[in-house]
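Structure first, then comments.
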Amino acid sequence: MSFLNYLINGLSLGSVYAIIALGYTMVYGIAKMLNFAHGDIIMVGSYLVYSSMTMAGLHPVLSILIAVIGCMVLGVVTERVAYRPLRGASSSLAVLITAIGVSYLLQNLSLLIFGADPKAFTSVITWKGITLFDGALQIRGTAIVTILVGLVVLFGLQAFIRHTKSGQAMLAVAQDKGAATLCGIDVNRTIAITFAIGSSLAAVAGVLFCSTYPTITPYIGAMPGIKAFVAAVFGGIGSIPGAMIGGLTLGVIEILSRTYISSQLSDAIVFAILIVVLLVRPTGLLGKRVMEKV
Amino acid sequence: MAMLSVDHLSISFGGLAAVYNFSMEIEKGALYGLIGPNGAGKTTVFNLLTGVYQPKEGIIRLDGQDITGLPPARISHAGIARTFQNIRLFQGLSVIDNVKVGLHESFPYGTLAGVLRLPSYRKQEKAIDDRATELLKIFDLDGQRDLLAANLPYGAQRKLEIARAIATKPKLLLLDEPAAGMNPGETTELMNTIRLIREEFDLTILLIEHDMQLVSGICEELTVLNFGRMLAQGRTKDVLKDPEVIRAYLGE
Amino acid sequence: MLKTIGKKYGFYIVIVLFWLLMTLLGNAGMLTSHFSSLLVPMTYYAIAAVALNLCVGILGELSIGHAGFMCIGAFSGAIFSLLTKEVLPGGLRFFLAFVVGIAFAALFGFLIGIPVLRLKGDYLAIVTLAFGEIIKNVLQAVYLGVDAQGVHLSLDMTTFRMEPDGLTLIKGAQGVSGTPRNSSFTVGIIVLLLTLFLVHHLMDSRDGRAIMAIRDNRIAAEATGIHVTRYKMLAFTISAAIAGAAGVLFSHNVTTMTNISNYFNYNASIMLLVYVVLGGIGNINGSVIAAMILYLLPELMRGLNRYRMLIYAIVLILMMLVNWAPGVQERRRRLKAFLKTRLTRAGKEA
């Protein structure tokens, strides 16, 4: 029974990774850049919920709304100020290093504003969860909510991309920026929308993550962010179902290896998986192969 | 024996045959042209010959040696050098260093000799410098030897790419649209240079070209590609009179 | 003649003069002990920055795991010194510790390079990060010791049992302690000079040209007969080896390495990247200057220390935008042309 419990915890953590990975994979697929600062948006989202809920005493739902909008704006602003000017730069290193700089900037701004000592996050999910088999299996409410939110996000995003004009524009830009421009698609606007969606998803992920692990520091976003990238690569970068599968798999692997192998080595194991995946199948589970043009 | 013999070469991308059943023989010392409308598969043939792509079928022989499927560096060592349609220089290196990279295999002193400046380093670097300077002179680039390659004017960049290719001591030189973007005066000058280097370096040359003036001016033989298939092959003046070729070029 | 010597060896002379100045000031008692304690770290960060620049600027591959190679050098060098503390005289032992640290870092660089260098761009960067984190995590979890019964290696404190006379080398999260304090400013400067000598001479040889050719255009390099994998491996391995040397200096300076994640996590790799970017990507001497200034400045201005990381972040972003953004480049070009015509006109009128 305890195995089942760990599995559910894994799926819950995996759902968080999956939601972050969706943002990663969309930005990577459409803007063709690795947004290193994506993980730190999670941290900003958590601090926004913390300050509006715990410090200002606002209603949890309102607090989450503030976090989502705040992160959305942050995502769009960073894209406009830091990344867009570098589109078409001759060096691909430039935008990657800039993203690292933005990540660093967000961490250290938060450090200055909120200090280094961890803040206690009050979970927005108050439901205790359900108990099955006379208490042999307890499923926490946060786990259930997290998994459900993950599924809603996945299907919502799929529907958005399939059935809206903006979603179709995203697919077109992901295929070929030049051709999309010729078809009358505003590439800059489409990429901005992508950042807006990805960043608001990161805020949601932040709320869920901190409901399970209720301490906030300026650095909490970095590791989930990198692991979510691993998840996105694992599932095949650019693929939305891939990000979901990758996230869930990674969450389960992490929880199980933390339980059964070593708590200190669980991160190392996750990274080892990334390396193996990239070597065996660089395009991930559901990714497509692209050939270099000569 | 032919310098280059290609037998029934095919490759497809995503089910689409980019080059199909392509065969060609180039005699030693020939100046051979590969022409055809846009998207006919000319550059793909170059990429197959130089190992950038692996053919699905067919055999490529250089001077009798089977080079099919070898990696690009090994094909360069075997004796094929090339230029690229969209110029690919080492932009961050100086003009002379671009040519020196081409001399890499000819002067193989070791890493330790390089770091510790052993006599073999000094001797070979001197020879490399002399040789590279000579090559630059042929292309009238010795005045810009220390300029960054990225800062050269367009026409000079095309010439530098040829100089770099020749530095690898090729038997066969592949030129991918060498006259692209040049004015008529520059094109005439280029034609003369191509003839000159063929004599001087004992080369066999295969070139892709759109410029009919250049093709009919210097190529002795031609192959015409259309939609990945061979349309015509033979002596230049015969091929250019071929009604099929005219139709492919001028449309129905 | 004098000019070429100055051009070639000028920077070495500047470093020697800096060393002379600091040593004289130190001997005269004019340096605070705090300032003196910064001199050794300054040298090893400069060395590590040169190592990273070899990878980023010369080879053209972004590594964000170089702190991992420094970590390998630090641990292997320290363990060697601990093992031979009683047997070898100090100078020889320290020299051999360098050999061991460099060899291990190079070995790891080589082994990690085999898979990593097959990848490109972003993937390569993230995998170097992964390797850096794995190295750090494993070294934090490992228990290693020797006693009469042989070598003990364990991942679990409870199963790690040593005889009383045994020597514990790595004690899990508590790391390595008791490393002799052999690093000094002078040794640091010597290693820095040797590093510069190695990298400059490498760049100015056929190997260096091949490496930079791959950086500028891999496909053209291959078509020109360059064995791409071989030269990528060469550059990456040398880069790792140099980072290892910096690590040996590190462990023989701090003597106790606990909480290594503070020193060798990915933030450390990013700090090195800041040095490289600020000094100029591909500009080896620039990395040294940037590392020295950026390391010393905030430490000297204590008030600035709170904002150090923030300033680094802003510097990183601005440097990229100013140097690479096509729009900014275009504006700069126009400004330059404008000034040029203005100046020549002013010159004519005068």
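The values are calculated or read from the model by the stated rules, or taken from the named source; none is laboratory data. Small disclaimer: the values here were computed from a predicted structure and weren't measured. Cβ sites come from the backbone with ideal geometry, for glycine too, and all protein chains shown count toward neighbours.
Remark: C:GLY279 matches the filter, which requires a residue to be under 17 Å from A:ILE97 (Cβ atoms) and touching a residue at least 60 places away in the same chain (Cβ under 8 Å). Among the residues making up the stretch A:262-272, a single one is surrounded by 19 or more Cβ atoms within 10 Å (Cβ to Cβ) and outside any helix (DSSP H, G or I): A:LEU265.
The number of residues in the stretch B:85-127 being surrounded by fewer than 22 Cβ atoms within 10 Å (Cβ to Cβ), under 21 Å from B:ASP146 (Cβ atoms) and of a type in the set (Val, Ile, Thr) comes to 1. Taken as a whole, the condition of being assigned to a strand (DSSP E or B) and closer than 30 Å to C:ILE211 by Cα does not apply to B:ALA73. When A:ILE147 is tested against the conditions (1) within 14 Å of another protein chain (Cβ to nearest Cβ); (2) in contact (Cβ under 8 Å) with a residue 60 or more places away in the chain, the lone failure is (1). Within the stretch C:81-99, none of the residues are within 11 Å of another protein chain (Cβ to nearest Cβ) and surrounded by 16 or more Cβ atoms within 10 Å (Cβ to Cβ). Looking for something in the same structural domain as B:LEU214 (by TED's automatic domain parsing) and in a strand (DSSP E or B) - is there at least one such residue anywhere in the stretch B:35-46? The answer is yes, given that some residue of the stretch B:35-46 is in the same structural domain as B:LEU214 (by TED's automatic domain parsing) and in a strand (DSSP E or B). Being modelled with pLDDT of 80 or more and touching a Phe, Trp or Tyr at 6+ places or on another chain (Cβ under 9 Å) is the filter; apply it to the stretch B:201-215 and report the residue that is farthest from B:LYS42 (Cα to Cα). For the stretch B:201-215, the residue satisfying everything is B:THR204. Considering every residue within the stretch B:157-170, establish whether at least one is surrounded by fewer than 17 Cβ atoms within 10 Å (Cβ to Cβ), closer than 20 Å to B:GLN85 by Cα, within 18 Å of the chain's Cα centre (by Cα) and of a type outside the set (Asp, Glu). No; the residues of the stretch B:157-170 include none that is surrounded by fewer than 17 Cβ atoms within 10 Å (Cβ to Cβ), closer than 20 Å to B:GLN85 by Cα, within 18 Å of the chain's Cα centre (by Cα) and of a type outside the set (Asp, Glu). Checked against the criterion of being free of Cβ contacts under 8 Å to residues at least 12 places away in the same chain and assigned to a helix (DSSP H, G or I), the stretch C:48-57 has no qualifying residue. The set of residues in the stretch C:215-253 that are among the hydroxyl-bearing types (Ser, Thr, Tyr), out of contact with any strand residue (DSSP E or B) (no Cβ under 9 Å at 6 or more places or on another chain) and under 18 Å from C:ALA51 (Cα atoms) comprises C:TYR231, C:THR237, C:SER239. Beta carbons closer than 6 Å, at least 6 apart along the sequence or on distinct chains, pair a first residue in the stretch B:124-138 that is under 9 Å from B:LYS100 (Cβ atoms) with a second that is charged (D, E, K, R) for B:ILE128/B:LYS100; B:ALA132/B:LYS100. Within the stretch C:208-225, residues that are under 16 Å from B:ARG82 (Cα atoms) and facing chain B (nearest Cβ under 7 Å) reach no partner that is in a helix (DSSP H, G or I) and among the basic types (Lys, Arg) with beta carbons closer than 6 Å at six or more positions or on different chains. Residues that are at pLDDT 95 or above and under 20 Å from C:MET70 (Cα atoms): does the stretch C:198-216 have at least one? So far as the stretch C:198-216 goes, yes, one or more of its residues are at pLDDT 95 or above and under 20 Å from C:MET70 (Cα atoms). Condition check for A:ILE30 on (1) away from chain C (no Cβ under 14 Å); (2) without any contact (Cβ under 8 Å) to a residue 12 or more places away in the chain; (3) assigned to a helix (DSSP H, G or I): one failure, at (2). The set of residues from the stretch C:131-156 being more than 11 Å from chain A (Cβ to nearest Cβ) and not hydroxyl-bearing (Ser, Thr, Tyr) comprises C:LEU144, C:GLY145, C:VAL146, C:ASP147, C:ALA148, C:GLN149, C:GLY150, C:VAL151, C:HIS152, C:LEU153. Determine, yes or no, whether B:THR223 is modelled with pLDDT of 90 or more, buried (at least 20 other Cβ atoms within 10 Å of the Cβ), within 26 Å of B:LEU16 (Cα to Cα) and of a type in the set (Val, Ile, Thr). The answer is yes for B:THR223.
Candidates in the stretch A:132-159 are the residues that are exposed (fewer than 14 other Cβ atoms within 10 Å of the Cβ) and either among the hydrophobic types (A, V, I, L, M, F, W, C) or closer than 19 Å to A:SER211 by Cβ (or both); of these, the one that is modelled with the lowest pLDDT is A:ALA136. Of C:GLY327, C:GLY247, C:GLY286, all but one fail to be part of a helix (DSSP H, G or I) and farther than 20 Å from C:ALA46 by Cβ; the exception is C:GLY327.
For C:ILE64, are the conditions met, namely being touching a Ser or Thr at 6+ places or on another chain (Cβ under 7 Å), in contact (Cβ under 8 Å) with a residue 40 or more places away in the chain and in a loop (DSSP other than H, G, I, E, B)? For C:ILE64, the condition - touching a Ser or Thr at 6+ places or on another chain (Cβ under 7 Å), in contact (Cβ under 8 Å) with a residue 40 or more places away in the chain and in a loop (DSSP other than H, G, I, E, B) - is met.
The number of residues in the stretch C:254-289 that are modelled with pLDDT of 85 or more, away from chain A (no Cβ under 14 Å) and at negative phi comes to 10. State whether the residues of the stretch C:292-304 include one that is of a type outside the set (D, E, K, R), farther than 29 Å from C:THR186 by Cα and either in a helix (DSSP H, G or I) or outside the structural domain of C:GLN140 (by TED's automatic domain parsing) (or both). Yes, the conditions are met somewhere in the stretch C:292-304. Pairing residues of the stretch A:244-261 that are outside any helix (DSSP H, G or I) with residues that are of a type in the set (Val, Ile, Thr) and surrounded by fewer than 20 Cβ atoms within 10 Å (Cβ to Cβ), at Cβ distances under 7 Å and at least 6 apart in sequence or on separate chains, gives A:ILE261/A:ILE269. Among the residues in the stretch B:64-84, are any within 25 Å of C:ASP204 (Cβ to Cβ) and acidic (Asp, Glu)? No, that holds for no residue. Summed over the stretch C:184-235, the residues that are hydroxyl-bearing (Ser, Thr, Tyr) and buried (at least 20 other Cβ atoms within 10 Å of the Cβ) give a count of 4. Can you name the residue in the stretch A:87-132 that is in a strand (DSSP E or B) and of a type outside the set (A, V, I, L, M, F, W, C) and is also farthest from the other protein chains (Cβ to nearest Cβ) among such residues? Among residues in the stretch A:87-132 that are in a strand (DSSP E or B) and of a type outside the set (A, V, I, L, M, F, W, C), the one farthest from the other protein chains (Cβ to nearest Cβ) is A:THR131.
Quick grid of which residues meet (1) surrounded by fewer than 22 Cβ atoms within 10 Å (Cβ to Cβ); (2) on the phi < 0 side of the Ramachandran plot; (3) modelled with pLDDT of 90 or more; (4) under 14 Å from the mean Cα position of the chain (by Cα):
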| site | (1), (2), (3), (4) |
| --- | --- |
| A:SER200 | no, yes, yes, yes |
| A:PRO214 | yes, yes, no, no |
| A:ILE220 | no, yes, no, yes |
| A:LEU248 | no, yes, yes, yes |
| A:ILE253 | yes, yes, yes, no |
